[in-house]
Amino acid sequence: MLFIEILMISVGLSLDVFAYALYKGAMMPGIHKPALIKIGCIFTLWQMASLLLGNMITNIPMVKAAEKVAARWHFLSILIFSGLGLYMIFKGRRHQTIIEHKDDKVEIGQIAVWACITSMDAFLAGIGFGLFRTNFLITVITVGIVTAVSVILGIYAGYWMGCQAINKIVTLGGCILLIGGIELLIRGIN
């Protein structure tokens with residue numbers, strides 16, 4: 001897998017995190033660096049841990065034995081990335097009215113729950129990256145950096161502009177993942 005493909009999939013995954021950060025930023029009365037660092041670290045660590053867990057599944061001996069029988073694990077990986085893209089597109093197409101209200105405190109428990117929810121996509125992507133035998137260190141560093149940047153940009157954008165564009169951002173993330181899956185399929189055919 002090429003670095004541009006890893007980056008594209010990382011950006012697609014991080015737009016789900018960006019959407020939550022946008023929502024959280026719209027509710028903050030002001031941006032305080034300790035809260036920003038806390039939120040960024042929690043989301044980044046969850047994404048990276050989920051990616052690691054997904055990748056570890058592909059290293060289970062049973063999966064390795066089945067790998068010798070399977071003709072092409074790459075197609076399963078492509079299905080995972082494309083399926084994630086379609087899921088995010090459908091999720092983004094649901095038009096939910098968001099009522100913005102200021103919230104003075106940043107609750108770690110609430111942030112951890114949202115980080116867990118948004119990292120389920122990263123778990124599946126970890127399986128996809130593992131089946132593709134992508135360099136894990138490059139993948140996890142890329143996902144970590146992109147996630148951290150997405151949280152920071154999302155909080156600032158939400159604070160300044162509100163969070164009414166959440167559905168469009170999630171849909172865009174899904175489109176990027178779908179394009180990444182299609183690109184991998186085309187490259188795999190050639």
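The values are calculated or read from the model by the stated rules, or taken from the named source; none is laboratory data. If you're wondering where the values come from, they're calculated on a predicted model, not measured in any experiment. Neighbour counts run over all protein chains shown; Cβ positions are idealised from the backbone, glycine included.
Report, by residue number, each residue of segment 115-155 that is under 19 Å from Leu178 (Cα atoms) and among the small types (Gly, Ala, Ser).
Ser119, Ala122, Ala125, Gly126, Gly128, Gly130
Can you find a residue in segment 134-146 that is buried (at least 17 other Cβ atoms within 10 Å of the Cβ) and farther than 22 Å from Leu45 by Cα?
No, the conditions are met nowhere in segment 134-146.
Might you let me know whether segment 15-23 holds any residue that is farther than 27 Å from Ile155 by Cβ and modelled with pLDDT of 85 or more? So that I can check it myself, show each step before the final result.
Going residue by residue through segment 15-23, those that are farther than 27 Å from Ile155 by Cβ are none.
No, segment 15-23 has no match at all.
Considering only residues that are among the small types (Gly, Ala, Ser) and crowded, with 17+ Cβ neighbours inside 10 Å, look in segment 21-34 and name the one that is farthest from Gln47 (Cα to Cα). Give the steps one after another, and end with the answer.
As a first pass, look at segment 21-34 and keep what is among the small types (Gly, Ala, Ser): 21, 25-26, 30.
Among the residues that remain, those that are also crowded, with 17+ Cβ neighbours inside 10 Å are: 21, 25-26.
On the way: Ala21: 14, Gly25: 19, Ala26: 22 Å.
That would be Ala26.
With the requirement that a residue be farther than 24 Å from Leu36 by Cα, in contact (Cβ under 8 Å) with a residue 40 or more places away in the chain and not polar (S, T, N, Q), what does segment 134-171 give you?
Phe136, Ile138 - these are the residues of segment 134-171 that are farther than 24 Å from Leu36 by Cα, in contact (Cβ under 8 Å) with a residue 40 or more places away in the chain and not polar (S, T, N, Q).
Just to be sure I understand, how many residues within segment 24-49 are farther than 23 Å from Ala165 by Cα and of a type in the set (S, T, N, Q)?
Total meeting the criteria: 0.
How many residues does segment 113-155 contain that are at positive phi and of a type in the set (Val, Ile, Thr)?
Initially, segment 113-155 is screened for residues at positive phi, giving 133.
Filter once more, keeping what is of a type in the set (Val, Ile, Thr): none.
Residues in segment 113-155 being at positive phi and of a type in the set (Val, Ile, Thr): 0 in total.
Among the residues of segment 113-152, which ones are within 12 Å of Ser10 (Cβ to Cβ), modelled with pLDDT under 90 and not small (Gly, Ala, Ser)?
Asp121, Phe129, Thr134
Among the residues of segment 95-109, are any within 29 Å of Ile37 (Cβ to Cβ), part of a helix (DSSP H, G or I) and at pLDDT 80 or above?
Checked against the condition, which is being within 29 Å of Ile37 (Cβ to Cβ), part of a helix (DSSP H, G or I) and at pLDDT 80 or above, segment 95-109 yields at least one hit.
Look at Gly181 and say whether it is under 14 Å from Phe18 (Cβ atoms), more than 12 Å from the chain's Cα centre (by Cα) and at pLDDT 75 or above.
Working: under 14 Å from Phe18 (Cβ atoms): no; more than 12 Å from the chain's Cα centre (by Cα): yes; at pLDDT 75 or above: yes.
It is false that Gly181 is under 14 Å from Phe18 (Cβ atoms), more than 12 Å from the chain's Cα centre (by Cα) and at pLDDT 75 or above.
I need a count of the residues in segment 42-55 that are under 14 Å from Gly154 (Cα atoms) and surrounded by fewer than 18 Cβ atoms within 10 Å (Cβ to Cβ). Don't jump to the end; show me each part of the working.
Here is the first cut: in segment 42-55, the residues under 14 Å from Gly154 (Cα atoms) are 43-44.
Cutting the leftovers down to surrounded by fewer than 18 Cβ atoms within 10 Å (Cβ to Cβ) gives us none.
Summing the residues that are under 14 Å from Gly154 (Cα atoms) and surrounded by fewer than 18 Cβ atoms within 10 Å (Cβ to Cβ) in segment 42-55 gives 0.
Scan (1) under 17 Å from Thr118 (Cα atoms); (2) at pLDDT 85 or above; (3) not hydrophobic (A, V, I, L, M, F, W, C) for the single condition Pro34 breaks and write down its number.
Just one mismatch for Pro34, condition (1).
Spot the failing condition for Tyr156; the list is (1) at pLDDT 85 or above; (2) surrounded by 15 or more Cβ atoms within 10 Å (Cβ to Cβ); (3) within 17 Å of the chain's Cα centre (by Cα), and only one is missed.
(3)
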